[in-house]
Number of protein chains: 2
Amino acid sequence: MAEVKTILLHRSVYADNDAEADSLRKYLKDKGVFVVNLMSSPGAGKTTTLITLINKIKDKVRVGVMEADIDSDVDAISIAKKTGVKSIQLHTGGMCHLDAGMTRTGLDSIDISDLDIVFLENVGNLVCPAEFDTGASLDVMILSIPEGDDKPLKYPLVFEKSDLVIINKIDAMKYFNFNLEKCTEYIKMRNKDATIIPISAKTGEGIDLVADYFLNKIKSFKEM
Amino acid sequence: MAEVKTILLHRSVYADNDAEADSLRKYLKDKGVFVVNLMSSPGAGKTTTLITLINKIKDKVRVGVMEADIDSDVDAISIAKKTGVKSIQLHTGGMCHLDAGMTRTGLDSIDISDLDIVFLENVGNLVCPAEFDTGASLDVMILSIPEGDDKPLKYPLVFEKSDLVIINKIDAMKYFNFNLEKCTEYIKMRNKDATIIPISAKTGEGIDLVADYFLNKIKSFKEM
């Protein structure tokens, strides 16, 4: 089992987070490391989706994971145990989001020199993480069926800034009153360019599409 | 259908939120109005639970509802339509929580002179709302089955400060890997005095217990 290190993050010293985020993105471009900022509500399935996805792509690309949490280590341990890839736990010390300075601290700790892609699992929260640019190359969010199809109306910003919206737990669709067509329409109102992929991290349905999406993104990123 | 007013809240002017919250609590005590701060993740079922609960108690006590949201009005309209009680919508303008100053602005707008209990539905978020005392008489949170039984480990503060933890969507228990016993144990680790009531807002299971809980709390509050 891969070793799991825990890093305690402190509020970033950078006054201008946007500038710091742009500088981090440029640094990662130079290094050829693709960083994905993954956001969702608590319990939407970020960790389970990552595990299923990583096991699909880890033979093709070198993957690392940074798990942010208020103060528990359960996710990084779970990722390490179930995928074997390099992962670290970031503790935000009560903070509700990650910013670019905190992301850079995490990346320095995990050592990106032997990685192609790093997934950054943000704090489970639809409000604050959307407000801070982490410096990632791509923003992704997971909405899960039990949360309801009206969430793009209520948490507009996170849908607006996500390049990919994964709709998880579609295996539970028949137990919840969730209208996929209506939800897609609400997402497109916020962000007409968003890619939307419905999946079940539990049954594996749709995960191939997500895997292809990321493999293509990494390919374009490296060729740019 | 009851009229729905929308109030745009501004960042509170009070430097000391705890002092402002204590002062608001004292004011509400004098007025005999019991205010409940309701917290949860997005989509855990705050609005549906409130609708089912209010329809059980509205003939016994005079109920008002303040719905906080980033910028949508769907919840207040839904409450007004499905319960007929007085409700207003509070817009936080992007902010992830309510503080005591914002709560007081909301209470001034709804007019509490003819109310026994006011439910304040906080922004859907397990991190920030837990950090700010709203001045409410009671803190309540809803955890829903699809979110998973490990949430007290990952979002400790909201469990620590909640007098009542409602576990919702128990009708979906068999479709999710949720261990109620383990979850209860995790909650008690954070807060040994918490009352825990499992319910299904959809089927109505357990709602009578929640109704009795609130009716008793209002009775003690008025007699104190």
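The values are calculated or read from the model by the stated rules, or taken from the named source; none is laboratory data. The structure presented is a predicted model; accordingly, all values stated were derived computationally and were not measured. Cβ coordinates were reconstructed from backbone atoms using ideal geometry, including for glycine residues, and neighbour counts include every protein chain displayed.
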Would you say A:THR134 is surrounded by fewer than 18 Cβ atoms within 10 Å (Cβ to Cβ) and β-branched (Val, Ile, Thr)? no
Checking B:LEU28 against (1) surrounded by 20 or more Cβ atoms within 10 Å (Cβ to Cβ); (2) under 16 Å from the mean Cα position of the chain (by Cα): exactly one of these is not met. Which one? (2)
Which residue out of B:VAL74, B:VAL36, B:VAL65 is aliphatic (A, V, I, L, M) and more than 16 Å from the chain's Cα centre (by Cα)? B:VAL74
If we ask which residues in region A:174-184 are at the interface with another protein chain (Cβ under 10 Å from one of its Cβ atoms) and either crowded, with 24+ Cβ neighbours inside 10 Å or in contact with a strand residue (DSSP E or B) (Cβ under 7 Å, 6 or more places away or on another chain) (or both), their number turns out to be 0
Residues satisfying the stated conditions in region B:185-219, i.e. in contact with a strand residue (DSSP E or B) (Cβ under 8 Å, 6 or more places away or on another chain), part of a loop (DSSP other than H, G, I, E, B) and touching a residue at least 60 places away in the same chain (Cβ under 8 Å): B:ILE199, B:ALA201
Condition first: part of a strand (DSSP E or B), within 22 Å of B:ILE167 (Cα to Cα) and either touching a Phe, Trp or Tyr at 6+ places or on another chain (Cβ under 7 Å) or within 14 Å of another protein chain (Cβ to nearest Cβ) (or both). Now tell me which residues in region B:25-60 satisfy that. B:VAL36, B:LEU38, B:MET39, B:SER40
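Table: residues versus (1) buried (at least 24 other Cβ atoms within 10 Å of the Cβ); (2) touching a Pro at 6+ places or on another chain (Cβ under 7 Å).
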position: B:ILE145; (1), (2): yes, no
position: B:ILE167; (1), (2): yes, yes
position: B:ASP171; (1), (2): no, no
position: B:ILE196; (1), (2): no, no
position: B:SER200; (1), (2): no, no
position: B:LYS217; (1), (2): no, no
I'm checking my understanding of the structure. Among residues of region A:131-156 that are of a type in the set (A, V, I, L, M, F, W, C) and modelled with pLDDT under 95, which one is farthest from B:PRO156 (Cα to Cα)? A:LEU153
Tell me the residue from A:VAL85, A:VAL118, A:VAL61 that is touching a Gly at 6+ places or on another chain (Cβ under 8 Å), more than 27 Å from A:PHE176 (Cβ to Cβ) and surrounded by fewer than 24 Cβ atoms within 10 Å (Cβ to Cβ), please. A:VAL85
Of the residues that make up region B:69-76, is at least one farther than 30 Å from A:SER40 by Cβ and of a type in the set (Val, Ile, Thr)? no
